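Structure, as structure tokens:
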Amino acid sequence: MTTHQSGHDVPFAQLPPEERLFRMRHSAAHVLAEAVLEMFPEAKYAIGPPVENGFYYDFDLPRPLTPEDLPRLEARMKESVAKDHPIQGEQISKDRAREIFRDQPYKLELIDGIEDATVGHFQHAGFQDLCRGGHTASTGQIGAFTLTHVAGAYWRGDEKNPMLQRVYGALFPTQQELDDYLKMRGEAEKRDHRRLGRELDLFHIDPIAPGSPFWHPKGTILYNGLVDYMRELYEEYGYREVITPQIFGVDLWKTSGHYQNFSDDMFLFQSGDEELGVKPMNCPGHCHYFASGHHSYRELPLRLAEFSRLHRNERSGVLHGLTRVRAFSQDDSHIYCTPEQFDGEIFSVFRMLEQVYSDLGLGDPVIRLATRPAKAIGSDEDWERGVRLLGEAVTGAGKQFVLAPGEGAFYGPKLEFHFKDAIGRFWQLGTVQVDLGMPQSFGLTYIGEDGAEHSPMMIHRAILGSLERFIGVYIEHTGGHFPLWLAPVQAVVIPIADRHANYAHRVRSSLRGRGLRVEVDDASERMNNKIRKAQTQRVPYMLVVGDREAEAEAAAVRDRTGDDLGALPIFQIADRLVDERDSRSIQAHRL
């Protein structure tokens, strides 16, 4: 838990808003534990910190909690709040703490892990907890809250430890703020990419391959559409695509620093006398490629791009749909340039990023500059230089950034590009990193204009980032309503009666001849059911055909919102759909 002042020397109302909110959420976690222990006196309780949007507490209980338990627990919590119990804290000896919590194994383990001679002890009414502090003066100062759900959580996040029941709550200072959050959360549940992935037949994830998505044909169209789009930009911006091996001997990872700093997240294995690693990222392979040849300043900048598969040993407890996976591909690139070319390359990346985010309807990102983490390679001077270079590049491009201390990669500082989705959540997508260590580690050089050897500057760059994660985020941002150029099915032809099926198939063939992805729904259902089905599948356009349309070589057009756009000749529909597709319009044309 985060260390916060445990006393009440400053009146609660005079604390900064973020501190008041922290204390409300922290105190609510204690009140939750009080309620659970009242309902289950034999319960073992572990930890309960405040978190973004609320709080949680982990419990070892005699039975699984049910949805019906949450309202009862919430009612008990509100009784405690109404009684306005004082919350009192003090430092006590570890021996006294062991006596107080003698029947609580998780608390005893925490006590044994504390190096200080004393520990924090907080209580209200009859409830006692082991805690560092940071609370309201009384239970009555807790804001508006509700219990939201229960999830499983391994004790201390270790799969070898017992699975506990984690009860989550949402808490905000006022009821209106809580209501607004719950409304947003409800919208997020409707947009959940895992649910929409099944409903739209895009992908699925199975325990047979944990963290490794199965892409269905429609999802593969979406996936390849993004790859093809980035490849077009690579041609425009002067990138060269390469394919490097999936598996390397560990000497490569030791040279790059990943073996020393990233091995816990890698799949390493023994093959005979060799220790090998499946690549978690492309940069070491690209450095090896650069080192395998001789380079002149005239060849730089060299921009290498790759879409091959990457694998990271993410723990099973953190896997989440497409947004946290073990197998993925990135639209990453590594740029090798001279110091004089650095600013120009960063500006070029900015232009490319703006173009991609505009074409995808993502809006302007918030830029964060992440600095040196605790575990890193390279000298302090190199890191200071890298941070300065990135910061100057951002401001030189007329943009602003906020610092993110200690959040850089182990091999260099980075810019993170965060965008706000349709329901107000921020997601990190693109990154730009300067690497002042790996070129030296691999001994990368080029012959400069002066005829001497120089070490190139190295820029890591990703626009979408992980394609899997981006698609998960994009599904939720759009609610599955993809722009026409990315939609797996761009139009569906709906015959009114069976006798119109042949004409419907001719319409499909005509539109497919223009490179459009079109299907026919000739199932034995009513027309209105077919229209609703196409809308549910987020198909951009429905082309309804009957006797009049067949006679006029036309179709009655509806969009996915249900609007009737009238009847148009097939050739005109084709022209306008092709124009919308090729212009990569975010807004549908009014056909």
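The values are calculated or read from the model by the stated rules, or taken from the named source; none is laboratory data. What you are looking at is a predicted structure, and each value in this text was computed from that prediction instead of being measured. Don't worry about glycine lacking a Cβ; one is built from the backbone with ideal geometry, like all the others, and counts go over all protein chains shown.
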Failed condition for Leu516, given (1) farther than 15 Å from Arg560 by Cα; (2) not in a loop (DSSP other than H, G, I, E, B): (2)
Number of the exception - Pro456 against (1) assigned by TED's automatic domain parsing to the domain that holds Leu568; (2) at pLDDT 95 or above: (1)
Number of the exception - Val507 against (1) crowded, with 19+ Cβ neighbours inside 10 Å; (2) assigned to a helix (DSSP H, G or I); (3) under 37 Å from the mean Cα position of the chain (by Cα): (3)
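Each row is one residue, and each column tells you yes or no for (1) surrounded by 19 or more Cβ atoms within 10 Å (Cβ to Cβ); (2) outside the structural domain of Gly219 (by TED's automatic domain parsing).
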{"residue": "Met266", "(1), (2)": "yes, yes"}
{"residue": "Glu275", "(1), (2)": "no, yes"}
{"residue": "His294", "(1), (2)": "no, no"}
{"residue": "Glu299", "(1), (2)": "no, no"}
{"residue": "Arg309", "(1), (2)": "no, no"}
{"residue": "Arg326", "(1), (2)": "yes, no"}
{"residue": "Gln330", "(1), (2)": "yes, no"}
{"residue": "Phe342", "(1), (2)": "yes, no"}
Some residue of the stretch 519-529 being assigned to a strand (DSSP E or B), touching a strand residue (DSSP E or B) at 6+ places or on another chain (Cβ under 6 Å) and outside the structural domain of Thr220 (by TED's automatic domain parsing): yes
Subset of the stretch 144-162 [at pLDDT below 95 and either hydrophobic (A, V, I, L, M, F, W, C) or within 20 Å of Arg20 (Cβ to Cβ) (or both)]: Ala151, Ala153, Trp155
Any hit, the stretch 242-252, residues being under 25 Å from Pro439 (Cβ atoms), of a type in the set (Ser, Thr, Tyr) and in contact with a His (Cβ under 9 Å, 6 or more places away or on another chain): yes
In the stretch 447-468, the residues that are in contact with a Ser or Thr (Cβ under 6 Å, 6 or more places away or on another chain) and assigned to a strand (DSSP E or B): Ile447, Glu453, Arg461, Ala462
Any hit, the stretch 473-490, residues being more than 30 Å from Leu429 (Cα to Cα) and surrounded by fewer than 18 Cβ atoms within 10 Å (Cβ to Cβ): no
The stretch 41-53 - residue that is surrounded by fewer than 18 Cβ atoms within 10 Å (Cβ to Cβ) and not β-branched (Val, Ile, Thr) and, of those, nearest to the chain's Cα centre (by Cα): Glu52
Complete set of residues in the stretch 6-31 that are of a type in the set (D, E, K, R) and touching a residue at least 12 places away in the same chain (Cβ under 8 Å): Glu19, Arg20, Arg23, Arg25
Any hit, the stretch 228-243, residues being without any contact (Cβ under 8 Å) to a residue 24 or more places away in the chain, at positive phi and surrounded by fewer than 18 Cβ atoms within 10 Å (Cβ to Cβ): no
Any hit, the stretch 369-382, residues being closer than 30 Å to Ile208 by Cβ, touching a Gly at 6+ places or on another chain (Cβ under 6 Å) and among the charged types (D, E, K, R): no
Test: residue in the stretch 115-138 that is without any contact (Cβ under 8 Å) to a residue 24 or more places away in the chain, under 24 Å from Gly317 (Cβ atoms) and surrounded by fewer than 18 Cβ atoms within 10 Å (Cβ to Cβ): no
Which numbered condition Asp364 misses (of (1) surrounded by 19 or more Cβ atoms within 10 Å (Cβ to Cβ); (2) under 19 Å from the mean Cα position of the chain (by Cα)): (1)
Subset of the stretch 250-295 [under 26 Å from Tyr446 (Cβ atoms), outside any helix (DSSP H, G or I) and touching a residue at least 12 places away in the same chain (Cβ under 8 Å)]: Gly257, Lys279, Met281, Asn282, His294, His295
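Name the residue, out of Glu34, Glu38, Glu90, Glu42, that is part of a strand (DSSP E or B) and touching a residue at least 12 places away in the same chain (Cβ under 8 Å).
Glu90
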